[in-house]
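To start, the structure under review is shown below, and the notes come after it.
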Amino acid sequence: MLKVGIIGYAQSGKTTIYNAVAGANADVDAYLGREEVRRTMVKVPDERLDRLFSLFNPPKKISAEIEYIDFPALTGDASEVQLLPPAIRDLDMLVVVLREFGDKPDPARDWRTITDELILADLVVVEKRVTRLAKEVESGRMDNKLEYDVLLRRRKALEEGQSIRTVTILPAEKKTMRGYGFVSGMPVMALINASDTGSSKSSDEWGKTLNLGPHAGVHIVRGKLEAELATFDAADREAFMSDYGLTNSAL
């Protein structure tokens, strides 16, 4: 099972995206408290699995699953990522929703600001642990020397404004770092939430503009349309998509 967290600023369409991908009906105007999240488990449709099931007719069909988690809206406060529910450090991937509709949208600015917030949240965690380990290493205890050295390198990268996912991790270091759940170290998708008329750039152009780095991708979606599309049955969905020149759902 894959755990995917959805984050973004207020009015970015974050919950609209959550409703669309998760088939949920969350109130887009109802804000989550700092400790609240919305969760929905979704079975991943797969024609290959359906074909195999029809061929072999096993007693049970088990689809892959994704758990989508909608987090409280960010506000731009540099310390707020640290205050988000602990579930944010238990994810496999982050989706950062960036608004490209309404008044003066600036996805590139929002991407930079949110990335900086994630980096700061990880730096706070690293600083606390390094301070504790430094005392042990200085007293001659070498049990956690590898962890200490690795964290020093991570701290340097974070202080230079680098996400942890951009830093090379050696195989021997992976186990040491596994329990930290660094939010800036997770694979991430920048989701451009465009207006009904579409985006001003292609995905490739947005990728260059955002300077995503490794383990990151960008995708464009017309969130409001997709949320409406998710509520239709098959026949109505086809007619709706035709009206907007869509051949398939962007989700």
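The values are calculated or read from the model by the stated rules, or taken from the named source; none is laboratory data. Treat the numbers as computed from the prediction; the structure is a model and nothing was measured. Here Cβ is always computed from backbone atoms with ideal geometry, including for glycine, and neighbour counts include all displayed protein chains. SASA here: full protein model, heavy atoms, side chains in, ligands and nucleic acids out. Shrake-Rupley method; radii C 1.70, N 1.55, O 1.52, S 1.80 Å.
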Expressed as a rounded percentage, what relative contact order does the stretch 56-167 have, with Cα pairs under 8 Å and six or more residues apart?
-> 22
In a Gaussian network model of the chain with springs linking alpha carbons closer than 10 Å, the residue among 180, 18, 68 that fluctuates most is 180
Cβ-based charge dipole, the chain, positive-most Cα from 85, 139, 98 = 139
What does the accessible area per residue of the stretch 19-95 come to in Å², with a 1.4 Å probe and no ligands, DNA or RNA counted?
-> 63
Where labels lie 7 Å past Cα in the beta-carbon direction, separation of residue 232 and residue 162 in nm = 4.7
Per the 1.4 Å probe, what fraction of the accessible area of the stretch 1-73, in percent, lies on carbon and sulfur atoms?
-> 54
In the list [x] 1.01; [y] 1.08; [z] 1.15, the entry giving Cα Rg over 2.2 N^0.38 Å computed from the coordinates is [z]
Share of the stretch 87-233's accessible area from carbon and sulfur, percent, 1.4 Å?
-> 51
Collect residues whose amide H, placed 1.01 Å from N in the peptide plane, falls under 5 Å from the amide H of residue 222; neighbours closer than 5 in sequence don't count.
-> 194
Can you give the accessible area of residue 115, probe radius 1.4 Å, in Å² rounded to 10?
-> 30
per DSSP, antiparallel bridges as share of beta bridges in the stretch 1-135, % nearest 5, sits at 35
Efficiency of FRET between residue 2 and residue 135 - r from beta-carbon atoms, R0 30 angstrom, step 0.05 = 0.20
Lysines whose Cα lies under 17 Å from that of residue 175, excluding same-chain neighbours fewer than 8 positions away | 145
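Express as a percent, rounded to the nearest 5, the fraction of DSSP beta bridges in the chain (both residues included) that run antiparallel.
Roughly 25 percent of the DSSP beta bridges within the chain come out antiparallel.
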Whole-Hz ³J(HN,Hα) from phi, Karplus 6.51 cos²θ - 1.76 cosθ + 1.60, for the stretch 170-183, glycine and proline x | 6, x, 5, 8, 4, 5, 5, 8, 4, x, 7, x, 4, 6
With helices defined as uninterrupted DSSP H runs, which ones in the chain have an alpha carbon span along their own long axis of at least 30 Å and mean Kyte-Doolittle hydropathy of at least -1.0?
-> 107-138
Please give every one of the lysines within straight-line cross-link reach of residue 43, meaning a C-alpha to C-alpha distance under 24 Å, and leave out same-chain neighbours fewer than 8 residues apart.
-> 3, 14, 60, 61, 224
Taking only protein heavy atoms and a 1.4 Å probe, what accessible area per residue, in Å², does the stretch 98-251 have with all protein chains in place?
-> 56
Separation between Cα centres of the stretch 31-97 and the stretch 179-243, rounded to whole Å = 15
Ranked by GNM mean-square fluctuation in the chain (Cα springs under 10 Å), the top entry among 200, 163, 12 is 200
For the stretch 135-201, what is the Kirkwood estimate of the hydrodynamic radius, computed as the reciprocal of the mean inverse distance between distinct Cα atoms, to one decimal in Å?
-> 14.6
Under the 7 Å Cα-to-Cβ spin-label approximation, residue 196 and residue 77 lie apart by a distance in nanometres of 3.6
Have a look at 207, 140, 23 and tell me which one the Gaussian network model of the chain (Cα, springs below 10 Å) gives the largest fluctuation.
-> 140
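Based on the alpha-carbon gyration tensor of the stretch 24-98, what equivalent-ellipsoid semi-axes (square roots of 5 times the eigenvalues) come out, in whole Å, largest first?
36, 13, 11
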